[in-house]
1. Give, as ranges by residue number, the residues of segment 13-42 whose backbone N falls under 19 Å from the point 7 Å along Cα→Cβ of residue 53.
2. How far is helix 2-68 tilted, in degrees, relative to the longest principal axis of the Cα atoms in the chain, given as a value from 0 to 90 rounded to the nearest 10?
3. Give the Rg (one decimal place) followed by the Dmax (whole number) of the chain, computed from C-alpha coordinates and expressed in Å.
4. Using R₀ = 30 Å, calculate the FRET efficiency as 1/(1 + (r/R₀)^6) where r is the Cβ-Cβ separation of residue 35 and residue 69; round to 0.05.
5. Out of 28, 47, 12, any idea which swings most in a Gaussian network model of the chain, alpha carbons joined below 10 Å?
């Protein structure tokens, strides 16, 4: 009887350890996704800035053309 309880206790302990490991893996995945999301946001911001700079350059060129006339 005690042996069965010990085995059951060990099995429960193993299950808990597995669940803990799975939980840690899920946390790591979430962290990676967060980092990837932040990197994507940074890239989008950089692209926006580049587009704005290009737009400003175009406007300046247009203004310069108008001045030359």
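1. 40-42
2. That works out to roughly 0 degrees.
3. For the chain, the Cα-based Rg and Dmax read 29.7, 102 Å.
4. That pair, residue 35 with residue 69, gives E of 0.05.
5. Greatest mean-square fluctuation among the candidates belongs to 12.
Computed from the coordinates by the stated procedures, all read-outs in this text should not be read as laboratory data. Predicted model, so just to flag it, every value in this text is computed and none were measured. Cβ: placed from backbone, ideal geometry, glycine included. Neighbour counts: every protein chain shown.
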